[in-house]
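After the structure tokens below, expect a handful of questions from me.
The values are calculated or read from the model by the stated rules, or taken from the named source; none is laboratory data. Please read all numbers here as calculations on a predicted model, not as lab measurements. Cβ placement follows ideal geometry from the backbone for every residue including glycine, while neighbour counts extend to all protein chains displayed.
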Amino acid sequence: MYKKLFSPLMVGSLKLPNRIIMGSMHTGLEEGLSYKKFGAYLRARAEGEAGLIITGGISPNFAGKGGPFAERLWHRGQVFKHRSMLQGLKGYDTKIVMQILHTGRYAYQPFSVAPSPIKAPINPFTPKKLSLHGIEQTIDDFVHTAVLARDAGYHGVEVMGSEGYLINQFLVTRTNKRQDQFGGSYKNRAEFPLAIIKKMRDKVGKDFLIIFRISLLDLVEDGSSIEDILWLANELEKVGVDIFNSGIGWHEARVPTIAGVVPDGAFSFASAKLKKHVTVPVIAVNRMNTPEAAEAVLQNNEADLVSLARPFLADPHFAKKARTGDAARINTCIACNQECLDKIFVGHKASCLVNPSAGREKTYQNLLSGKLKSQSRLAIVGGGPAGLAAALMALKKGFHVDLFERLPHLGGQFSLAQKIPGKGVYQKTVEYFSGEIAVLGGEIHLSTAPTPTQLVDGGYRHIILATGVKPREVGFDGANHPRVISYEELLSGKKIPGKKVGIIGGGGIAVDVACYLLFSHLESSTNLEEMRQNYYDEWGIDTEFAYPGGLIPKDQLKERPTPPHTIYMFKRSPGPFGARLGKTTGWIHRMLLKKYGVKQMSEVDYKAFGDQGLVIADKDQNISEFPLDTLVVCAGQISSRSLYDELKPLHPSIHIIGGAHKADELDAAHAIKEGEFLAASLKD
């Protein structure tokens, strides 16, 4: 079915079994004493038939470390750890290369260096300017690390030359103000990466793979022009690069490149441009989370290989399932970033919201090691993320599972979340869990709300309640007015909002509702090209390569359609709206709300709502009235646990999970992980 995706490819002297690359993504498992865990993590992806794995970034020297505990490879004593980790991949056809990453001014430590002493806007540390001797030493350090990687057993290295890291910093005038032989003209600035690759090829020999990740779109001002990029690619090919990987956007760029708002394969146009000008293979990257999307890029001749990082967190057997005709059983990445990138950026280890076993492979192997001696019966009430995850894990343990859901569909809060622009893919998670439950013989009972008596008399060894949450009500005069609605009534379509809408609440759901009101009218299109064009226009991405850096100047941007609603947001607490949103996605939503003029008021008290609108008082007790057609309450949730309270004295093994357990910790990652761990711990 995926003819090009599963055709082998010779790269240098290596034969890759397919065109699917598990792209580089830092997990935190590379650090310190986690090599056994990291080995298990990699082995699971090799079992899943990734054609090539690229590790997270490994620093070539002390100054290049991203943080105090970032992993490195710069002396012989460190080779053993890498070699021992790679032992687990023997016997698999998967190849593995190590990414060499010098973070430059992005290093989150006070010893950072850069071409020029210019602080990054996302970093509190100002880097030290590299001396000429320092540059030559850094070149040697890159080369030495590649030699050590070869000796450790890697099939090659990827040299990180994009995303705003050190090499990329040398290439653009934004960060390189030098006046010596490594500054000034583009050819001078390019001497740094060219010297690295030339010297590296001489040292590692012709049979060791060298991938160069080249920045095709910096997405920042004063970035590289396409003419410079293509010239550099040709010169790098001459001195020994075997494959070009595509780099999209600096970390400081104010353009989303991997979040859910990015359409499938939105940046394949960039890899296609490079592919026309080089003779070695080119890798396409970003937002290809299905085999269909990856195959389309190859069929359109936009790249020779495709890189998928987070999809291999969500499902380590992504490639194998696609090859064997089980693509419908892939646990799809939903691009939420909550348990992967958001965790890494605050110093935690990465995992996956839809697959908590990611990074915990050995733990989950132990959890599933004790199969039941007899097939005990287990009931789960609630078909949201927590209930679905518990049901699937219980089936894997050997239970007979009955899953009850009072609504005619599964999904719980995910059924609402998928209505938010950019989150439609959340339905894939519901489909994955429900499909796997059916395959393993679980019984799903929709439109069914069992009574305590039915559950107690049902012969169940265990009963798990995942009955979720319900919206919290807010008390004020007029709270029951027909034009005051809950977020559930809005997103489910039970109530239709007017033109002027107020939102009570400042958390994630309130921000989601605001985005729904701003953009849901654009989500009706299923045409991928139209979706991509809307995205390019919204964020000013130059797909014609007319401007250096790939950004269209603000005065050249297309005028965007006026949203159908005027929106006001109110909250009682101080501080910004959406303050607790994820580090890698929260800024997107906050920027959009500001861009489209959503009015936000903190530290207010709700006095009354009536036919004329909402009356509030600010912290100084000044009264204001806002004429609103609709007021949407997004003031949090409360647990729906009445069934638990009734059942607890009636049955010896009652358990409660997810939002029903703790509404104030409501998030799908916590719910899914809690459901899986509970089900795995139950005995027959």
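Taking Glu30 and the conditions (1) under 30 Å from Gln109 (Cα atoms); (2) among the acidic types (Asp, Glu); (3) surrounded by fewer than 21 Cβ atoms within 10 Å (Cβ to Cβ), which numbered condition does it fall short on, given that it satisfies the others?
That leaves (3) as the condition not met.
On to the next question. Pick out, from the range 457-576, the strands (runs of 3 or more DSSP E) lying fully within it that include 2 or more residues that are outside the structural domain of Gly422 (by TED's automatic domain parsing), farther than 19 Å from Met591 by Cβ and of a type in the set (Val, Ile, Thr).
On the way: elements: 462-465, 469-471, 484-486, 500-504, 566-570.
It comes to 484-486, 500-504.
Here's something else I'd like to know. Filter the range 577-614 for residues that are in contact with a Cys (Cβ under 8 Å, 6 or more places away or on another chain) and in a loop (DSSP other than H, G, I, E, B) and give the result. Even if it seems obvious, please write down each step before you answer.
Within the range 577-614, the subset in contact with a Cys (Cβ under 8 Å, 6 or more places away or on another chain) is 582, 585, 589, 592-593.
Hits for the range 577-614 are Gly582, Thr585.
Could I ask something else about it? Among Val280, Val262, which is the only one that is under 17 Å from Phe212 (Cβ atoms), in contact with a Phe, Trp or Tyr (Cβ under 9 Å, 6 or more places away or on another chain) and part of a loop (DSSP other than H, G, I, E, B)?
Numbers: Val262 fails: under 17 Å from Phe212 (Cβ atoms).
Of Val280, Val262, the one residue that is under 17 Å from Phe212 (Cβ atoms), in contact with a Phe, Trp or Tyr (Cβ under 9 Å, 6 or more places away or on another chain) and part of a loop (DSSP other than H, G, I, E, B) is Val280.
Within the set of pairs 6 or more residues apart or between chains, which connect a residue that is more than 17 Å from Val425 (Cα to Cα) inside the range 520-549 to a residue that is part of a helix (DSSP H, G or I) and at pLDDT 95 or above with Cβ atoms less than 7 Å apart?
That search, which allows pairs on different chains as well, returns Ile541/Gly550; Asp542/Gly550; Thr543/Phe269; Thr543/Tyr536; Phe545/Ile226; Phe545/Lys273.
Condition (residue is part of a helix (DSSP H, G or I) and under 17 Å from Cys352 (Cβ atoms)) applied to the range 28-38: is it met by at least one residue?
Within the range 28-38, one or more residues are part of a helix (DSSP H, G or I) and under 17 Å from Cys352 (Cβ atoms).
Go through Gly441, Gly383, Gly370 for me and flag whichever is at pLDDT 95 or above, over 27 Å from the mean Cα position of the chain (by Cα) and in a loop (DSSP other than H, G, I, E, B). Please lay out each step first, then the result.
Numbers: Gly383 fails: over 27 Å from the mean Cα position of the chain (by Cα); Gly370 fails: at pLDDT 95 or above.
Answer to the check: Gly441.
Would you mention how many residues in the range 45-58 are of a type in the set (A, V, I, L, M) and either surrounded by fewer than 22 Cβ atoms within 10 Å (Cβ to Cβ) or out of contact with any Asp or Glu (no Cβ under 6 Å at 6 or more places or on another chain) (or both)? Step through it out loud before you land on a result.
Step one: of the range 45-58, the residues of a type in the set (A, V, I, L, M) are 46, 50, 52-54, 58.
After this cut, where a residue has to be either surrounded by fewer than 22 Cβ atoms within 10 Å (Cβ to Cβ) or out of contact with any Asp or Glu (no Cβ under 6 Å at 6 or more places or on another chain) (or both) as well, the list is 46, 50, 52-53.
Count: 4.
Same structure, new question: Looking at the range 162-177, which of its residues are more than 14 Å from His251 (Cα to Cα) and among the hydroxyl-bearing types (Ser, Thr, Tyr)?
Passing the criteria: only Thr173.
What number of residues in the range 107-125 are in contact with a strand residue (DSSP E or B) (Cβ under 9 Å, 6 or more places away or on another chain) and either of a type in the set (S, T, N, Q) or outside any loop (DSSP other than H, G, I, E, B) (or both)?
4
Collect the residues in the range 87-138 that are surrounded by fewer than 14 Cβ atoms within 10 Å (Cβ to Cβ) and at positive phi, keeping them in residue-number order.
Answer for the range 87-138, where residues must be surrounded by fewer than 14 Cβ atoms within 10 Å (Cβ to Cβ) and at positive phi: just Gly91.
From Ser246, Ser224, Ser271, grab the single residue that is within 20 Å of Arg189 (Cα to Cα) and either outside any loop (DSSP other than H, G, I, E, B) or not assigned by TED's automatic domain parsing to the domain that holds Ile20 (or both). Before you say what the answer is, go through the steps one by one.
Working: Ser224 fails: either outside any loop (DSSP other than H, G, I, E, B) or not assigned by TED's automatic domain parsing to the domain that holds Ile20 (or both); Ser271 fails: within 20 Å of Arg189 (Cα to Cα).
Checking each option against the conditions leaves just Ser246.
Looking at the range 25-45, can you tell me whether even one residue there is under 30 Å from Pro291 (Cβ atoms), in contact with a strand residue (DSSP E or B) (Cβ under 7 Å, 6 or more places away or on another chain) and modelled with pLDDT of 95 or more?
Of the residues in the range 25-45, the ones under 30 Å from Pro291 (Cβ atoms) are 25-30, 37-45.
Subset that is in contact with a strand residue (DSSP E or B) (Cβ under 7 Å, 6 or more places away or on another chain): 25-27, 30, 42, 45.
Right, trim to modelled with pLDDT of 95 or more and you get 45.
Among the residues of the range 25-45, at least one is under 30 Å from Pro291 (Cβ atoms), in contact with a strand residue (DSSP E or B) (Cβ under 7 Å, 6 or more places away or on another chain) and modelled with pLDDT of 95 or more, which makes the answer yes.
Here's something else I'd like to know. Can you work out which of the residues in the range 662-684 that are free of Cβ contacts under 8 Å to residues at least 40 places away in the same chain and not basic (Lys, Arg) is farthest from Phe399 (Cα to Cα)?
The residue in question is Asp664.
Continuing with the same structure: Name the single residue, out of those in the range 136-169 being in contact with a Pro (Cβ under 8 Å, 6 or more places away or on another chain) and of a type in the set (Ser, Thr, Tyr), that is farthest from Leu42 (Cα to Cα).
Thr138
Out of the range 652-671, which residues are out of contact with any Ser or Thr (no Cβ under 7 Å at 6 or more places or on another chain), of a type in the set (A, V, I, L, M) and over 13 Å from Ala389 (Cβ atoms)?
Scanning the range 652-671 gives Ile654, Ile656, Leu666.
When Leu298 is evaluated against the numbered criteria (1) touching a Lys or Arg at 6+ places or on another chain (Cβ under 7 Å); (2) not in a helix (DSSP H, G or I), which criterion, by number, is the only one it fails?
Only one criterion is unmet by Leu298, namely (2).
How do the pairs read when you match residues in the range 193-211 that are in the same structural domain as Ile139 (by TED's automatic domain parsing) and within 18 Å of Asp228 (Cα to Cα) with residues anywhere that are of a type in the set (Asp, Glu) and surrounded by 14 or more Cβ atoms within 10 Å (Cβ to Cβ), using Cβ under 7 Å and keeping only pairs 6 or more apart or on different chains?
Going by the 7 Å Cβ cut-off, the qualifying pairs are Leu194/Glu235.
Looking at Leu410, Leu403 in this structure, which one is within 28 Å of Gly260 (Cβ to Cβ), in a strand (DSSP E or B) and in contact with a Gly (Cβ under 7 Å, 6 or more places away or on another chain)? It would help to see each step written out before you state the result.
Working: Leu410 fails: in a strand (DSSP E or B).
None of the other options fit; the residue is Leu403.
So, Lys343, is that one more than 26 Å from Ile211 (Cα to Cα), outside any loop (DSSP other than H, G, I, E, B) and touching a Pro at 6+ places or on another chain (Cβ under 9 Å) or not? Before you say what the answer is, go through the steps one by one.
On the way: more than 26 Å from Ile211 (Cα to Cα): yes; outside any loop (DSSP other than H, G, I, E, B): yes; touching a Pro at 6+ places or on another chain (Cβ under 9 Å): no.
Answer is no for this residue.
If a residue must be among the aliphatic types (A, V, I, L, M) and over 21 Å from Gln427 (Cβ atoms), how many such residues does the range 312-345 contain? Lay out the reasoning, then the answer.
Initial filter on the range 312-345 (among the aliphatic types (A, V, I, L, M)): 313-314, 319, 322, 327-328, 330, 334-335, 341, 344.
Among the residues that remain, those that are also over 21 Å from Gln427 (Cβ atoms) are: 319, 341, 344.
The number of residues fulfilling the criteria is 3.
What are the residues in the range 126-160 that are out of contact with any His (no Cβ under 9 Å at 6 or more places or on another chain) and in a strand (DSSP E or B), if any?
Hits for the range 126-160 are Lys128, Lys129, Gly156, Val157, Glu158, Val159.
Give the residue, chosen from Ala350, Ala322, Ala335, Ala328, that is in a helix (DSSP H, G or I) and either buried (at least 21 other Cβ atoms within 10 Å of the Cβ) or free of Cβ contacts under 8 Å to residues at least 24 places away in the same chain (or both).
On the way: Ala350 fails: in a helix (DSSP H, G or I); Ala335 fails: in a helix (DSSP H, G or I); Ala328 fails: either buried (at least 21 other Cβ atoms within 10 Å of the Cβ) or free of Cβ contacts under 8 Å to residues at least 24 places away in the same chain (or both).
Exactly one residue qualifies, and that residue is Ala322.
Name the one entry in Ala660, Ala671 that is in contact with a strand residue (DSSP E or B) (Cβ under 6 Å, 6 or more places away or on another chain), outside the structural domain of Pro576 (by TED's automatic domain parsing) and under 20 Å from Tyr487 (Cβ atoms). If you could, list the steps in order and put the result at the bottom.
Values: Ala671 fails: in contact with a strand residue (DSSP E or B) (Cβ under 6 Å, 6 or more places away or on another chain).
Residue meeting the stated conditions: Ala660.
Just to be sure I understand, how many residues within the range 572-627 are of a type in the set (Gly, Ala, Ser) and more than 30 Å from Gly260 (Cβ to Cβ)? Spell out the reasoning first.
Taking the range 572-627 as the starting set, the residues that turn out to be of a type in the set (Gly, Ala, Ser) are 573, 575, 578-579, 582, 586, 597, 602, 608, 610, 613, 617, 624.
Filter once more, so that each one left must be more than 30 Å from Gly260 (Cβ to Cβ): 608, 610, 613, 617, 624.
Total satisfying the criteria: 5.
Let me ask something additional. Of these, Asp645, Asp618, which one is out of contact with any Ser or Thr (no Cβ under 8 Å at 6 or more places or on another chain), acidic (Asp, Glu) and surrounded by fewer than 23 Cβ atoms within 10 Å (Cβ to Cβ)? If you could, list the steps in order and put the result at the bottom.
Details: Asp618 fails: out of contact with any Ser or Thr (no Cβ under 8 Å at 6 or more places or on another chain).
None of the other options fit; the residue is Asp645.
Can you find, within the range 572-612, the residue that is surrounded by the most Cβ atoms within 10 Å (Cβ to Cβ) among those that are of a type in the set (Phe, Trp, Tyr) and under 24 Å from Asp342 (Cα atoms)?
Going through the range 572-612, the residues of a type in the set (Phe, Trp, Tyr) turn out to be 577, 587, 596, 606, 609.
The next check asks that each one be under 24 Å from Asp342 (Cα atoms); those that pass are 577, 587.
Working: Phe577: 25, Trp587: 15.
Across the range 572-612, the extreme among qualifying residues is Phe577.
Output the residues belonging to the range 256-286 that are farther than 12 Å from Ser246 by Cβ and charged (D, E, K, R).
Residues satisfying the conditions are Asp264, Lys276.
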